[in-house]
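To keep things clear, I will list the structure first and then write my remarks on it.
The values are calculated or read from the model by the stated rules, or taken from the named source; none is laboratory data. As the structure is a computational prediction, the values presented were derived from the model and not from experiment. Here the Cβ positions follow ideal geometry from the backbone for every residue, glycine too, while neighbour counts run over all protein chains shown. Ligands, DNA and RNA are excluded from the accessible area calculation, which covers all protein heavy atoms including side chains. Shrake-Rupley method; radii C 1.70, N 1.55, O 1.52, S 1.80 Å.
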Amino acid sequence: MPTGDAVDSHGLQPPALAIFRRYVTEFVNRHDFSVLPRIMQPDYTLHTSGLRIQGRDGPYRNAVARQMEQFPGLQFTLHRLFVTGDAVGVHFTEHGASRLHGGARAAWPSIAIYESRDGLLAQCMIEQDYYSRRRQLASRAPVAVAAPAIAPWDETDAETDPAAEAAVTAWLQAGRWLESRDIDIDDSGAMGAIEAVLDHGDVALTRMISGRTRSGESHVVFHALQSGPVSPAFAAAAGGRAGEAASLHLSGFVTLRDGRVAEGNIIRDRWGLFRRLANSNDRHGA
């Protein structure tokens, strides 16, 4: 064992990372709702699937409670993370066994931007692959959870990289993200192919953060809205009309080297679009 005076590395954590750590370790992975007033602002707001869920002790708590009731052993595994100022960009997977599906198991990846205010979490912009979760529960064939981050709580505050943000913006708007072999989209790694959902169309960014690493790489996490015509296969599955105009939210965590996107993950809200197409079909009696 080392001797001498020990330095508490926790005290050196950026404040945004410290409060996010408490969110993961004290709330999500322990299912302890009593900690919420100590880690979240009362007006905490969750943006996901085009929804705005606001209110720590009301709508937000109720939504999370329903998920934890369905998945009583729910766990949160971090894969990649960086912190810049009051924001944390993160790629993680939630996984567990569903009480509503006879104990069937699933793992669904997520990408998010968590933001703090006055030392407490204030907002999250996130997309989660509930479409993949639904398929896993139905087939009783869960996908594997990717490797955990080695030292997520030892990250230091990263300097923003406007050039990286500009490069990612151009990359998204040009549609190159759907053609890149270096990007895992949704559960394409497990399924062997990227599912066609919308044609290229347009991508409008709603939030983006960046951080330059000590190795010279830069990470960018974004939340965006893609618009375009629905692909025939996805329209057929949802009961919609191929080629009709639609939109879906997506979030991504990408890494740039030498100014180019080198690797990363993107999650599209396929389940939200699927439900909208199915509901539209029901309303029109098609």
Could you work out how much longer the chain between R38 and Q75 gets when fully extended? Use 0.36 nm per residue separation minus the Cα distance between them, nm to one decimal.
11.3 nm
Surface/4 of the Cα convex hull for the range 65-113, nm²
3.7 nm²
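Can you tell me, using C-alpha contacts under 8 Å and at least 6 residues apart, the relative contact order of the chain as a whole percent?
Values: 601 pairs, mean separation 47.0, N = 286.
Dividing the mean separation by the residue count of the chain yields 16 percent.
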How would you rank 156-167, 63-74, highest first, on the average number of other Cβ atoms within 10 Å across their residues?
156-167, 63-74
Expressed as an acute angle from 0 to 90° and rounded to the nearest 10, what is the orientation of the C-alpha long axis of helix 130-139 relative to the principal long axis of the chain?
70 degrees
Go from 0 up to the bin containing the longest alpha carbon distance in the range 1-127, width 10 Å each, and give me the % of pairs per bin.
12, 41, 33, 11, 4, 0
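Can you give the convex hull volume per residue for the Cα atoms of the range 147-234, as a whole number of Å³?
Numbers: hull volume 11.1 nm³, N = 88.
Convex hull of Cα atoms, per residue: 126 Å³.
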Report the paramagnetic label zone for L205: residues of the range 170-186 whose backbone N is under 13 Å from a point 7 Å from Cα along the Cα-to-Cβ axis.
170-174
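First measure r as the distance between the Cβ atoms of R260 and N29, then evaluate 1/(1 + (r/R0)^6) with R0 = 25 Å and state the FRET efficiency to the nearest 0.05. Numbers along the way, then the final one.
Values: r = 36 Å, r/R0 = 1.42.
Result of the calculation: an efficiency of 0.10.
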Once label points are set 7 Å from the Cα along Cα→Cβ at both A147 and D118, what is their separation, rounded to one decimal in nm?
4.2 nm
For D186, other-chain or 5+-apart residues with amide H closer than 5 Å (H placed, Pro excluded) are I266, I267, R268
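Out of the total accessible area of the range 193-286 (probe 1.4 Å, heavy atoms of protein only), what percent is carbon and sulfur? Provide the component values of the computation, followed by the final result.
Values: 2070 of 4210 Å².
Here it works out to 49 percent.
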Quantify how much of the Cα-Cα distance distribution of the chain extends past 36 Å, in percent.
16 percent
Cα centre as origin, Lys/Arg/Asp/Glu Cβ charges: the chain dipole, Debye
1060 debye
